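Novice: Before I ask anything, here is the structure I am working with.
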Amino acid sequence: MSNLEAFILGLVQGLTEFLPVSSSGHLEIGKFLFGNLQDSLNFTVAVHGATVLSIIVVFWKDIVRLLEGLFAFKKNEETIYIGKLLLSAIPVGILGILLKDEIESLFSGKIHFVGGMLIFTGVLLFTTALVPVGKRKISWFDSFIIGIAQAIAVLPGVSRSGATIVTSLLLGNDRTEATRFSFLMVLLPVIGANFIEIWSGDFSSQNPVGTIPLAIGFITAFISGLFACKWMLSIVRKGKLIYFAVYCLIIGVIALFLIH
């Protein structure tokens, strides 16, 4: 992997992890266009770690408040919220355990499948134009349903942030709260998945990428993720997800019909 390829893939990961356009789908398309680059556990963990760090930086006040409430060792608003985050992680955890091999098989250059899922994401985002502005706080039931949406979004081409935020909005939740919950709920699954990958693989020896491209990918993913995370908060508040619906439909059609 060249420095330029590492930069582009890091940029794609950072932007598309938070914008509702599917980071997995774009990375699959990127790998296809670059000639199916050799997978690297190190690079995958690095760029996902960078986007997790972006979330921590943007929401550090919320995270500190939640931890303070947790270590108060009593039932409070913070422990209830953490409980909802944990509940939301159950569906994707079960899916990862039961269908791990089947899911991984979809990440093997199936660009037409990715295109179809991007079109699905576009249609899903279009529904936000029909949803009235909600004011509800996320309930226990909501958190589980949003968790199911996150589990569906393991499919390449389905946007995780798009699926979870749209589901939350359809349930009548406040836009700002829907976005906040969507970003915080991803921390546990991503950190857990990366830990499992490192634990099950020889992390030290699987680095065909090189140290400099690895660093470039991490830094690029972190900076672009930081920008995209803050931008997404503003976009959802203004209810402008429909622009991304159009984008996903266009890219999906291109992947579906023009890439052979």
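The values are calculated or read from the model by the stated rules, or taken from the named source; none is laboratory data. Since we're looking at a predicted model, the values are computed, not measured. When we count neighbours, we look across all protein chains shown, and the Cβ atoms used for this are built from the backbone with ideal geometry, even at glycine.
Novice: Do we have residue 61 as basic (Lys, Arg), part of a helix (DSSP H, G or I) and under 30 Å from residue 157 (Cβ atoms) here? Talk me through it step by step, then tell me what you get.
Specialist: Details: basic (Lys, Arg): yes; part of a helix (DSSP H, G or I): yes; under 30 Å from residue 157 (Cβ atoms): no.
In short, no.
Novice: Does residue 191 meet the test of being surrounded by fewer than 14 Cβ atoms within 10 Å (Cβ to Cβ), part of a helix (DSSP H, G or I) and modelled with pLDDT under 85?
Specialist: yes
Novice: If you check 82, 138, 90, which single one turns out to be touching a helix residue (DSSP H, G or I) at 6+ places or on another chain (Cβ under 9 Å), more than 30 Å from residue 219 (Cβ to Cβ), without any contact (Cβ under 8 Å) to a residue 60 or more places away in the chain and surrounded by 20 or more Cβ atoms within 10 Å (Cβ to Cβ)?
Specialist: Values: 82 fails: surrounded by 20 or more Cβ atoms within 10 Å (Cβ to Cβ); 90 fails: surrounded by 20 or more Cβ atoms within 10 Å (Cβ to Cβ).
Matching residue, one of 82, 138, 90: 138.
Novice: Another one. Kindly check whether there is at least one residue in segment 218-238 that is modelled with pLDDT under 85, surrounded by fewer than 18 Cβ atoms within 10 Å (Cβ to Cβ) and not in a helix (DSSP H, G or I).
Specialist: no
Novice: Kindly indicate whether residue 68 is assigned to a helix (DSSP H, G or I), over 25 Å from residue 120 (Cβ atoms) and of a type outside the set (A, V, I, L, M). Show your work before the answer.
Specialist: Numbers: assigned to a helix (DSSP H, G or I): yes; over 25 Å from residue 120 (Cβ atoms): yes; of a type outside the set (A, V, I, L, M): yes.
Yes.
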